[in-house]
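**Q** The structure follows.
The values are calculated or read from the model by the stated rules, or taken from the named source; none is laboratory data. Here the structure is a predicted model, which means the values were calculated and not measured. In this analysis, Cβ positions are derived from the backbone assuming ideal geometry, glycine residues included, and neighbour counts consider all displayed protein chains. The protein model used for the area step is the full one, side chains on, heavy atoms only, and it has no ligands, DNA or RNA in it. Shrake-Rupley method; radii C 1.70, N 1.55, O 1.52, S 1.80 Å.
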Amino acid sequence: NRVAVQQCKELGLDVTEADALEYIRTQPKNVFAAVTCFHFIEHIDYASFVALLDEALRTLKPGGLAIFETPNARNLLVSAGDFYRDPTHRNPVFPDTLESIAELRGFAESTAYCFNDARTALTPLSEYRFDELQDYIRISRDIVWIGVKPE
């Protein structure tokens, strides 16, 4: 986002505008305390998504965090319609699938979280029950996945 990059530069922040996957591939091993992606992974194909997880793991310091936010495919309103309002969205990323793939790629911890209504707190998705149809509507529209690199 060129506007966001310019705003960051105006604030004196060190930012680089580049293709995310190409950029992270050029970074040294064990260099970052955190790698973040906000509403990005739903825009890329599966192979690029797995490559991004691999590169995040490679570039994180031991104990470092990967934090990805994406629309919540468990939310019926998101998966049945809202997701597709953005024509650049490729595929919804199911939270359980994200957790499993990240674990298989080597993350020591891999947890998807849901926001509370005020978006001020996170609860692990595994604590939610989906016993009634309304549960699929009330659940937050976005999830945050947090992965931890092994020490």
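**Q** Would you pick out the residues in segment 58-101 that are under 14 Å from residue 42 (Cα atoms), without any contact (Cβ under 8 Å) to a residue 40 or more places away in the chain, surrounded by fewer than 15 Cβ atoms within 10 Å (Cβ to Cβ) and more than 15 Å from the chain's Cα centre (by Cα)?
**A** 84, 85, 86, 87
**Q** Count, please, the residues in segment 30-50 that happen to be outside any strand (DSSP E or B) and touching a strand residue (DSSP E or B) at 6+ places or on another chain (Cβ under 9 Å).
**A** Let us first name the residues in segment 30-50 that are outside any strand (DSSP E or B), namely 30-31, 39-50.
Those left that are additionally touching a strand residue (DSSP E or B) at 6+ places or on another chain (Cβ under 9 Å): 30-31, 39-42.
Result for segment 30-50: 6.
**Q** OK, next. When the residues of segment 11-57 are narrowed to those that are charged (D, E, K, R) and open to solvent by less than 70 Å² (accessible area, probe 1.4 Å), which ends up nearest to residue 94 (Cα to Cα)?
**A** The residue in question is 42.
**Q** Continuing with the same structure: When the residues of segment 15-35 are filtered to those that are among the β-branched types (Val, Ile, Thr) and modelled with pLDDT of 95 or more, which remaining residue is farthest from residue 143 (Cα to Cα)? Walk me through how you get there before you give the answer.
**A** First pass over segment 15-35, keeping only residues among the β-branched types (Val, Ile, Thr): 15-16, 24, 26, 31, 35.
Of the ones still in play, those that are also modelled with pLDDT of 95 or more are 24, 26, 31, 35.
Values: 24: 23, 26: 28, 31: 26, 35: 16 Å.
Among them, the one singled out is 26.
**Q** Would you mind stating whether residue 104 is aliphatic (A, V, I, L, M) and either within 20 Å of residue 41 (Cα to Cα) or surrounded by 13 or more Cβ atoms within 10 Å (Cβ to Cβ) (or both)?
**A** Yes.
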